[in-house]
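First the structure, in the form of structure tokens, and then the observations on it.
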Amino acid sequence: MRNTSLIIIFFIILLLPVVSTQHAFARKKGYKLKTETGKTDKNRKSSDISAVETIEPDTTSQEMIAGSFMVASQCKNCNNGYRLDQVVFTGFDKNQGNSKESFFIINNTDRTLTGVSLYIDYRTLDGRQLHKRFFKLSCNIPAGETRKADIPTWDTQRSFYYHKSKPAKHPGNQFEVIFDPIAYYLRF
């Protein structure tokens, strides 16, 4: 009986490392999702730089947040008295053959605007949605001033044009836009 228990203990001691290594191989590991970020052209001329730029998301967020505070509601008693409607988007333009869209951002606050997050909703003239996209724009717009923003177009086939822009020689489809600001950042 004593020999039998010694043999069982011996096998348990031998099998213990094998069982524990098999358990180690069955553990779950964390996974990371690969994400793509937009790249900026490092070789562009300084004359090509707009007052408002779309740049890599991480860099844009850091620039907007560093030394700024976010305004994200229409609440009059919140956000130190600032409201979303104090930053206005106007003067949208996109001709049929253009690869860029442009519009103006008006800063009606008493602080420098350092960034804005917004949705742009593209619709046919009868109200049907064509496309909707989200943008984070980094900017430096002093209080009470206006700056032009240029962004890449969503219309990669160049078959649409803004209904108030100059029509092209070739037939195209008209659209209108709705700006939906989510938040803006003011330097304090």
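The values are calculated or read from the model by the stated rules, or taken from the named source; none is laboratory data. All values derive from a computational prediction rather than experimental measurement. Cβ placement follows ideal geometry from the backbone for every residue including glycine, while neighbour counts extend to all protein chains displayed. Note: accessible area is taken over every heavy atom of the protein model, side chains too, but ligands, DNA and RNA are not part of it. Shrake-Rupley method; radii C 1.70, N 1.55, O 1.52, S 1.80 Å.
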Legend entry - Prolate/oblate/rounded call for the stretch 75-188, Cα gyration tensor, a/c under 1.5 rounded: prolate
Legend entry - Two-site FRET efficiency, T146 against Q174, from Cβ-Cβ distance with R₀ of 30 Å, rounded to 0.05: 0.70
Legend entry - With all protein chains modelled, accessible area of D85 [1.4 Å, Å²]: 80 Å²
Legend entry - trypsin sites (Lys or Arg not before Pro) restricted to DSSP loop in the stretch 72-135 with at most 14 other C-beta within 10 Å: K76, R128
Inset, instruction - Within the stretch 75-184, report the chymotrypsin sites (Phe, Trp or Tyr not before Pro) that DSSP leaves as loop and that have at most 16 other Cβ atoms within 10 Å. - result: W154
Inset, instruction - In whole Hz, with x marking every Gly and Pro, tabulate ³J(HN,Hα) for the stretch 77-89 from phi via Karplus 6.51 cos²θ - 1.76 cosθ + 1.60, θ = phi - 60°. - result: 9, 10, 6, 6, x, 8, 10, 4, 6, 7, 10, 10, 10
Legend entry - Nearest-0.05 FRET efficiency for K166 and R128, computed from C-beta distance (R0 30 Å): 0.80
Legend entry - Out-of-range pairs (alpha-carbon distance over 30 Å; input K76/K148; K132/K164; K136/K169): K136/K169
Inset, instruction - Would you please give the residues with an amide H less than 5 Å from that of T153, counting only those at least 5 places away or on a separate chain, with H modeled from the backbone geometry? - result: K100, E101
Inset, instruction - With a 1.4 Å probe and every protein chain left in place, tell me how much accessible area H170 has, in Å² to the nearest 10. - result: 130 Å²
